[in-house]
Amino acid sequence: MEKRKLFAGILVFGSLWGFSECIIGSMLRNAGLPAGAIMTGVFAFGLMVISRMFYKTGGMQFGMGLVAGALRLFNPFGGCHICSAIAIMAEGVIFEILWYKLSPDFEESDALLNKSSMGIVMSYCIYIVGYVVTQILTPVFSSADFHIENLIAFIPQILASGLLAAVIGGIMAPTIFLLNIIDITKVRNRLYYPATIGVSALCWWIVIANT
Amino acid sequence: MEKNKLNLILAIIVILVGIGSSVYVQATKIDSKHIIVNGKDYTIDQLFDISEEKTYETYSGIALDNLIVKTGVEDPEIHEFIIIGADGYQKTVKWENMSNGLLTKDGESIFSDLPKAFIVKDIVEIKVD
């Protein structure tokens with residue numbers, strides 16, 4: 001994989017992730033829907049798996065987390081921007097670790113169950129890590145200070161709310177793996193670069209225009 | 001252990017943890033129309049009767065600092081306050097935060113100087129630490 005092509009991929013998928021966190025996440029919250037679980041299962045996990053399928057390069061999703069987190073800093077909605085940005089970056093890190101440990105063996109005949117299982121575990125863990133990081137950092141960056149007892153008391157609620165993210169991940173993973181046939185290295189440069197840079201610029205423009 | 005077997009076992013554990021936690025959360029959820037402030041039981045109407053009204057942006061309610069004073073807490077500035085919701089969500093705040101906070105009629109805490117994560121819904125207790 002050409003490095004320049006990979007960086008363009010990190011930029012576009014990170015921007016799409018950041019855009020979805022800022023714009024779609026706010027819309028879901030305003031609609032009273034469980035935004036955190038939907039955002040993690042569909043967008044964070046979904047985009048990270050899609051990009052991993054397309055580019056097949058380790059470390060890319062951490063880069064996407066950095067881009068998405070940076071874009072989140074511009075978002076006018078929500079409380080602690082820096083906390084959310086760091087939580088997104090942490091989600092990228094946990095994806096890298098879990099993918100290394102859990103990515104399924106595609107040659108197995110019962111691959112659908114394996115992919116679904118991987119989706120359940122990864123989506124759930126990404127959700128829990130993102131949630132806990134936000135719960136720790138928000139008080140740290142405010143004038144109220146962090147108190148561990150507040151986090152411990154809320155752990156059952158966090159573990160319970162992650163169930164929806166797990167179910168979504170279990171459905172998303174086998175669906176996304178169907179895209180495995182697409183080979184990004186075969187996409188022509190004159191189409192690839194304008195498309196990736198154009199989509200990235202559009203995501204950033206929409207988020208910044210909403211501040 | 002091979003990855004595929006590990007994935008399946010972990011997925012089952014995740015589902016069980018999620019279901020178990022959901023059951024626990026529902027079982028321990030406090031269904032109360034009262035709020036305990038510093039160990040004393042009040043209805044939301046009683047608290048609204050004794051405390052000063054306050055507004056912040058689109059929110060209106062009673063001032064949390066005034067509520068603490070009116071409920072008889074001495075030297076409030078030396079204490080921290082743990083605000084606990086019916087679902088177990090709790091946040092610890094300082095007196096300076098309480099001075100910028102209000103309690104809405106729906107039993108929600110709103111702080112003008114703290115992020116939205118400090119909104120505790122369906123408050124059932126305010127502990128004085």
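Flag: B:TYR42 matches the condition of being surrounded by 15 or more Cβ atoms within 10 Å (Cβ to Cβ) and either in a strand (DSSP E or B) or more than 8 Å from chain A (Cβ to nearest Cβ) (or both). When A:ALA165 is tested against (1) modelled with pLDDT under 95; (2) open to solvent by less than 10 Å² (accessible area, probe 1.4 Å); (3) more than 8 Å from chain B (Cβ to nearest Cβ), exactly one condition is not met: (1).
Working only within region B:12-39, note down all residues that are open to solvent by less than 70 Å² (accessible area, probe 1.4 Å) and either touching a helix residue (DSSP H, G or I) at 6+ places or on another chain (Cβ under 6 Å) or part of a loop (DSSP other than H, G, I, E, B) (or both). Passing the criteria: B:VAL14, B:VAL17, B:GLY18, B:SER21, B:SER22, B:VAL25, B:SER32, B:ASN38, B:GLY39.
Here's the yes/no breakdown for (1) farther than 26 Å from A:LEU6 by Cα; (2) open to solvent by less than 60 Å² (accessible area, probe 1.4 Å); (3) aromatic (Phe, Trp, Tyr):
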position	(1), (2), (3)
A:GLY130	no, yes, no
A:SER142	yes, yes, no
A:HIS147	yes, yes, no
A:GLY169	no, yes, no
A:ARG190	no, no, no
A:ILE197	no, no, no
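The values are calculated or read from the model by the stated rules, or taken from the named source; none is laboratory data. Predicted model only: the values in this text are computed from it and were never measured. Note that each Cβ is placed from the backbone with ideal geometry, even for glycine, and that neighbours are counted across all protein chains shown. To get the accessible areas, we keep the full protein, side chains included, count just its heavy atoms, and leave off ligands, DNA and RNA. Shrake-Rupley method; radii C 1.70, N 1.55, O 1.52, S 1.80 Å.
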